[in-house]
Amino acid sequence: MAALTQKKTCGQLMDEWKEFMWNPRTREFMGRTASSWALIVLFYVVFYAFLTAVFSLSMWVMLQTIDEYNPKYSDRLTNPGLMIRPKLDTLEVVYSLTSQNSSWEKYKEGLRSLLEDYNSTAQEERGINCTSGVYNNQEDTGDVRNYPKKACWFLRQKLENCSGIDDPTFGYRDGAPCVLIKMNRVIHFLPKPIPEISLTSITVNCSGKNFENDNLLGSRLYYPGLMNNTLGSIDLMYFPYYGNRAQKNYTQPFVAVKFLNVSRDMDHTVECRVNAANINNQDERDKFQGRVIFTLRINS
């Protein structure tokens, strides 16, 4: 009984481990002969080579179905959204008139920096002067790619009192701030104008979320605009958008909204909508579909 329970010495354990690693009698390495190891290595080489070949073939087949210039599916973006500039962490434009320029400096600088690319010299280098009121279609000819696509100018002068040229504070110093509205890009999207309003452009309008709030929000002017600047305008010549690779120098058009006599010391919930026959801006489930909502507050 004592012999059965006798523990192996450290030397015996080392000898067994050495024999496992290399047995000179059977010529086995880690319990296998050279031919056994060769068969195992060959199996895994063939197995992983097969997996690599299947993966490579799958990738090649998939890549044959992809156009490097256009997305294969874009059905999720049937309705473009809107966004405001200056770019903000939150959709709030809040500042005080009595704090000199400390509270609105970030808004001014955001707009100034953004509109640097809309100076005449920059626009003339990157685009062309398009025909107003018609789509800027630039189709391919068969298999011949019409790339790069030309981009239409959008000069900051079109923003008039919100261009920052005559008033570098964009109205913030005087309590009549400018907010830029842009429509998000959707490749190949052609907005249809509403004939009763305009045949050459789609429109943008901003209002308070309810009647009382709209009255307290005061009057607004839009640039570029229609009907004595009481309605914003986006010309059809800026559509369609062909994508970043095909139309690298595309210029995003803006509509500037100038709030003239906003009631002070209160939050105003402002809703801006883009109006076109084929844009749905009435879906309450999606707050950014064809519209954008932000807060405006000017403290006295």
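The values are calculated or read from the model by the stated rules, or taken from the named source; none is laboratory data. All values derive from a computational prediction rather than experimental measurement. Heads up, the Cβs are rebuilt from the backbone with ideal geometry, glycines too, and the neighbour counts pull from every protein chain shown. Surface areas here come from the heavy atoms of the whole protein model, side chains and all, with no ligands, DNA or RNA. Shrake-Rupley method; radii C 1.70, N 1.55, O 1.52, S 1.80 Å.
Some values worked out for this structure:
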item	result
Partners for Lys8 among lysines (Cα-Cα distance below 16 Å; same-chain residues under 8 apart left out)	Lys18
Nearest-20 debye value, the stretch 138-291 charge dipole, Cβ charges on Lys, Arg, Asp, Glu	520 debye
Inter-label distance, nm, simple model (7 Å from Cα along the C-beta direction), Glu124/Glu139	3.4 nm
Surface accessible to a 1.4 Å probe, per residue, for the residues of the chain, Å²	60 Å²
Entries of Lys106/Lys192; Lys158/Lys209; Lys158/Lys248; Lys106/Lys158; Lys149/Lys258; Lys150/Lys182 with Cα pairs more than 30 Å apart	Lys106/Lys192; Lys149/Lys258
Shape parameters for the stretch 77-187, alpha-carbon atoms, Rg then Dmax in Å	17.7, 62
Distance cut-off 18 Å, percentage of C-alpha pairs in the stretch 185-300 lying past it	57 percent
Estimated dipole of the stretch 106-215 in Debye, rounded to 20 [Cβ of Lys and Arg +1, of Asp and Glu -1, Cα centre]	260 debye
Between the stretch 187-214 and the stretch 9-59, the Cα center-to-center distance that results, in Å	72 Å
Residue (of Val54, Trp22, Gly11) at the positive-pole extreme of the stretch 11-60, dipole from beta-carbon charges	Val54
Carbon and sulfur %, accessible surface of the stretch 208-300 computed with the full protein complex present, 1.4 Å	47 percent
Net length gained if the chain between Ala34 and Ser102 were fully extended (0.36 nm per residue, minus Cα distance)	16.6 nm
Neighbour-limited loop hits for trypsin sites (Lys or Arg not before Pro), the stretch 1-63 (at most 10 other Cβ within 10 Å; DSSP other than H, G, I, E, B)	Lys7, Lys8, Arg25, Arg27
With at most 14 neighbouring Cβ atoms within 10 Å, loop GluC sites (Glu not before Pro) (DSSP) excluded, longest segment of the chain	197-283
Angle in degrees between helix 10-21 and the longest Cα principal axis of the chain, rounded to the nearest 10	70 degrees
Solitary cysteines of the chain, where the nearest other Cys Cβ is not under 4.7 Å	Cys10
Inter-label distance, nm, simple model (7 Å from Cα along the C-beta direction), Asp67/Arg27	6.6 nm
Range of Cα positions in the chain per principal axis (Å), largest first	106, 59, 39
